[in-house]
Structures are given as structure tokens and as C-alpha cells.
């Protein structure tokens, strides 16, 4: 009888523990992860634009993000969203807050990348980053941002699963997600510019311009 | 099959919760400690600056470190808990290895969402925990019926608890979470099927042993 009573006591503890565990589960980060539709996406409706940013020094916007190597810096991924904020009250923190409010993680596990700062004539370390998940074991959307001369340049991409290292699944999907997120947050997302930064698998140089 | 439940020998409480043998349990605890330390160090390294510059900018070697960290986390989520369970039983340690990386994120950043990373940690941790109970039954009694041995009650109850939590987490990700996250999780999430099956069989035999 003692054994049975002992077992029931343990089962009760396990039941309480289970209920506590279920209760303690956090919520999912976003209820939806809709992408901007083809009809409304400025980057999808920009086929005949002429090039506006052709080199790093021609605009306050960055053109590429770079990887530091022993022999210098090599471009890896294209900037695909920009925020002209120099004449507004807003800055990089306001841009990042939109992502954090959607449940993205700040400073996830990621590689170190740089962008060219033409004023300081130096490659500048990523200033703010965010991703849907911290490690991205089975893939995630991920952005790196720089605020240069009052304009924020963002590199957005979708990572493949880490098997074993992350690759680029898509630039466009992440760019469309960023368009949608800022649109939902009340920013103006109706313009794109053409940058000379086409990159496989799916970035055609159409960079989304997002304004407060 | 008719398994007879042993009410003796009474082992010290919790013996099978951590592992079947002392030395192997220490190996598991050691792995857990090293994993936690590495993840904490990496998380802090991206948040630490030296003279205004993040320390990760000091050397391209940091990219190699972060690459290794991601591999360590992937292995600790999907592989190491199962290897530990096969090696030494021990549902608590097997489960903790799978969820430790995400718990460290919570402690160091204060942020915890039900992401694919965390959900798969819970689900694979639960699978490894249930597997561990069967391994203990086999190693201790040559039986594949953990429910037939009273000294495995603690381990069976623990693995049942984490299996329920993991299954609920996966269901919530599907029901409440964004569809792209559910789609990424799906191919791995099927591991709840054998998990629930093993739990159900364990309890069927446990009730029969009453």
C-alpha cells in the first residue's frame, strides 16, 4: 500500500509539474508572418527603374555588406531596404523596435559583417541586428543594419537551416516580410530604388525605401 | 507478453533520472556544463565592447567561433540528447541538453519566444528523455517495458511530463505561430509521434503491473 501511495504522490507532483511547464511556455513570436503582396510590394513593381546607387560612395546608403578577410573586405549580401531618416525624428532604434515588437531577437548568433562608411572612409561593424530565432537551427529571417549619415541601410535575408552552416535561402522573401512589417507598423512603404547590387538567388537590385 | 512488476529492489530515489552509471552521468553533466558555458560566453561576446569596438571585430576567427557554436547547438538539440540517452539513460540530463541553449538565451537576454529553435529543443529533449527510460529498463532488467519496474517510475513520470510539455509546445507553434515557422519545424516535429507512442506503451504496462 505504501508503494501505491508513494506512486500516487509522485504522480501528483509530476502532474503539477506538467501543468506548470505548459503554463510557463512562452508565446509564439508573431501571430502572422505574411509577406507584402505582389500587388503592393514596391520592390516587385519596379521593373523599369534606372540605377540610382551604383557605387558605395555615391549615396549615404550602403550598397553591400562585407565580410572581413585576411586580405581585405569582400562583399557578401546586398542591402535591400533603406530608410531615409535624416530629416525625421526617427533613427536606427525606431527601425529596430518594429522588429523587436514583432518578436525578433536582438543580436542573435550570427557572423560579423561590415558596411562602407564613406564619411569615415572605413568599413563599419554591423550596428544593430535582429532575427526571428536566436540560433536559426532550421532557418530564420535575419537583418543587419547600419545608420550612416542619418539613413538606415538594412540587409535582410532568409537563412537556410544550419546543416551545418547557414546559407542564403532567399533575399526577396525577407525583404517582402520587412515591407509587410513596416507597413503594418504604420510606416510608408510605397517606393523602391534600383541599386547596382544584384545577387543570386533572387535579389534583382530593387531596394525598398521605407519612410516614417 | 506479461511482465511482472518488481517492487524490489528499492533503489535510491532518482537513480535513473540522471543516468544509469555514475561515471557516465558525470560525463553527461560535464557536457551540459561545457555547453552552457560556451553558449553563455558566445552570447556575451556579441554584447561586449573593448574601447568602443565589439570584441567580435577583433579577429575574423570570431566567425569560425560562431559557426562552431551553431553546429554545437544543432548537435545539442538533435543528436547529443539521443546519444546520451542511449549511452546512459538519464531523462533529466538528456532533456536539459536539448533545451539548455535556449534557456541560456532567456537568462542572458531576457527574451524567450516559442520559436522553432526552442520548440524543437523541447520536442527532441522529450524524445531523448523517453528513450532514456527504455534504455534504463533494458540495461537494468533486459526488458523493454519500463512501466513494469517500480524503480523507473520517477523517470517515466519525468519523461511523461516533458513529453506533454513538448507536444503542447509543438501544437501551439502550429496553431498560434506563423506558418513559415510551422513549415520549418514540421519535418523534425514528427518525432513527437514515437515519443507519444513510447509514453503510451510505458503507461499501459505500468497500469497492467498494478
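Here are a few things to note about the model shown:
- Any hit, segment B:46-58, residues being in contact (Cβ under 8 Å) with a residue 12 or more places away in the chain and assigned to a helix (DSSP H, G or I): no
- Residue A:93 within 25 Å of residue A:119 (Cα to Cα) and surrounded by fewer than 19 Cβ atoms within 10 Å (Cβ to Cβ): yes
Let's see how each residue does on (1) under 22 Å from the mean Cα position of the chain (by Cα); (2) within 30 Å of residue A:27 (Cα to Cα); (3) surrounded by fewer than 21 Cβ atoms within 10 Å (Cβ to Cβ):
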residue	(1), (2), (3)
B:142	no, no, yes
B:146	yes, no, no
B:149	no, no, no
B:158	yes, yes, no
B:169	yes, yes, no
B:174	yes, yes, yes
B:189	yes, yes, no
B:200	yes, yes, yes
B:210	no, no, yes
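- Wholly within segment A:122-212, strands (runs of 3 or more DSSP E) carrying at least 2 residues that are more than 20 Å from residue A:90 (Cβ to Cβ) and in contact with a strand residue (DSSP E or B) (Cβ under 8 Å, 6 or more places away or on another chain): A:122-125, A:140-148, A:151-159, A:168-170, A:188-195
- Strands (runs of 3 or more DSSP E) contained entirely in segment A:43-87, each with at least 3 residues that are under 21 Å from residue B:60 (Cβ atoms): A:64-69, A:72-78
- Number of the exception - residue A:103 against (1) assigned to a strand (DSSP E or B); (2) at positive phi: (1)
- Test for residue A:49: is it surrounded by fewer than 23 Cβ atoms within 10 Å (Cβ to Cβ) and out of contact with any helix residue (DSSP H, G or I) (no Cβ under 8 Å at 6 or more places or on another chain): yes
- Filtering B:96, B:114, B:157, B:122 for residues that are within 9 Å of chain A (Cβ to nearest Cβ) and closer than 23 Å to residue B:38 by Cβ leaves a single hit, B:122.
- Failed criterion for residue B:81 (all others in (1) away from chain A (no Cβ under 13 Å); (2) farther than 21 Å from residue A:163 by Cα; (3) touching a residue at least 40 places away in the same chain (Cβ under 8 Å) hold): (2)
Every residue, every condition in (1) more than 13 Å from chain B (Cβ to nearest Cβ); (2) under 23 Å from residue A:56 (Cβ atoms), yes or no:
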residue: A:144; (1), (2): no, yes
residue: A:148; (1), (2): yes, yes
residue: A:154; (1), (2): yes, yes
residue: A:164; (1), (2): no, no
residue: A:169; (1), (2): no, no
residue: A:198; (1), (2): yes, yes
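No lab work stands behind these numbers, since they all come straight from the coordinates. All values reported here derive from a predicted model rather than from experimental measurement. Neighbour counts are summed over all protein chains in view; Cβ atoms, including those assigned to glycine, are modelled from backbone coordinates with ideal geometry.
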